[in-house]
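Undergrad: For reference, the structure I am asking about is given below.
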Amino acid sequence: MRDVRDALMVARNTEGKLVRRPLSPHLQVYRWPLSMAISILHRVTGVAISVGTLLMTWWLVAAAVSDNAFASAQWFMGSAVGLLLLFGWTLALFFHFFAGIRHLVWDAGFGFDPPDYNISGWAVVIATGVATVLVWIIGLVVW
């Protein structure tokens, strides 16, 4: 016996041929537009910045409390896990910054045409990568 849902999964493509389709968009079928992915990541990086700020606050408070507290905080920040967290925080900070500039441009009424918002989306991604790598190269050379 056929399931009722099977009837809902039948549709016609542009040539008129019968095809099976999913009941709802799925990750295997639906492709995220760049602007949607950037919008979601903008929110996620806002949360990541908050968590990273707690880590930086711990480092600053440890510096104010005692030499031993600062030494342990500094040791953690210099460890592989600490550097990875700092790199992620830097990446989130720059992404959120550049995506925020993109939103400010939109608020001014510019960049709503599909070619414009695709270009600005890729500009956010590229600027984030370049700025993060540049800051880390300078930071590691100075360190």
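The values are calculated or read from the model by the stated rules, or taken from the named source; none is laboratory data. These numbers come from a predicted model, not from an experiment. Cβ: placed from backbone, ideal geometry, glycine included. Neighbour counts: every protein chain shown.
Undergrad: Which residues, taken from the range 104-120, are of a type outside the set (A, V, I, L, M, F, W, C) and at pLDDT 95 or above?
TA: Of everything in the range 104-120, just one residue is of a type outside the set (A, V, I, L, M, F, W, C) and at pLDDT 95 or above, namely S120.
Undergrad: Can you tell me which residue within the range 80-92, out of those that are surrounded by 11 or more Cβ atoms within 10 Å (Cβ to Cβ) and small (G, A, S), is nearest to T57 (Cα to Cα)?
TA: Only one residue tops the list, namely G82.
Undergrad: Listed residues L55, L91; which is hydrophobic (A, V, I, L, M, F, W, C), within 17 Å of L41 (Cα to Cα) and either in contact (Cβ under 8 Å) with a residue 24 or more places away in the chain or assigned to a loop (DSSP other than H, G, I, E, B) (or both)? Step through it out loud before you land on a result.
TA: Details: L55 fails: within 17 Å of L41 (Cα to Cα).
Of the residues listed, the single one that is hydrophobic (A, V, I, L, M, F, W, C), within 17 Å of L41 (Cα to Cα) and either in contact (Cβ under 8 Å) with a residue 24 or more places away in the chain or assigned to a loop (DSSP other than H, G, I, E, B) (or both) is L91.
Undergrad: Which of (1) closer than 30 Å to G100 by Cβ; (2) modelled with pLDDT of 80 or more; (3) more than 19 Å from the chain's Cα centre (by Cα) is the odd one out, the single condition P33 does not satisfy?
TA: Of the numbered conditions (1) closer than 30 Å to G100 by Cβ; (2) modelled with pLDDT of 80 or more; (3) more than 19 Å from the chain's Cα centre (by Cα), the odd one out for P33 is (3).
Undergrad: Just the residues that are among the aromatic types (F, W, Y) and within 15 Å of I38 (Cβ to Cβ), please, taken from the range 81-118. Working first, answer last.
TA: To start, the set of residues in the range 81-118 that are among the aromatic types (F, W, Y) comprises 87, 89, 94-95, 97-98, 106, 110, 112, 117.
Residues satisfying the conditions are F94, F95, F97, F98, W106, F112, Y117.
Undergrad: Can you tell me which residues in the range 46-70 are surrounded by 12 or more Cβ atoms within 10 Å (Cβ to Cβ) and more than 30 Å from the chain's Cα centre (by Cα)?
TA: Selection gives A63, A69, F70.
Undergrad: How about the range 111-143: which of its residues are assigned to a helix (DSSP H, G or I), surrounded by 15 or more Cβ atoms within 10 Å (Cβ to Cβ) and of a type outside the set (A, V, I, L, M)?
TA: Restricting attention to the range 111-143, the residues satisfying the condition of being assigned to a helix (DSSP H, G or I) are 114-142.
Keeping just the survivors that are surrounded by 15 or more Cβ atoms within 10 Å (Cβ to Cβ) gives 117, 120-121, 124-125, 127-128, 131-132, 135-136.
Y117, S120, G121, T128, T132, W136, listed by residue number.
Undergrad: While we're on this one: Mind listing whichever residues of the range 35-74 are under 18 Å from W136 (Cα atoms) and not aliphatic (A, V, I, L, M)?
TA: Within the range 35-74, G52, T53, Q74 qualify.
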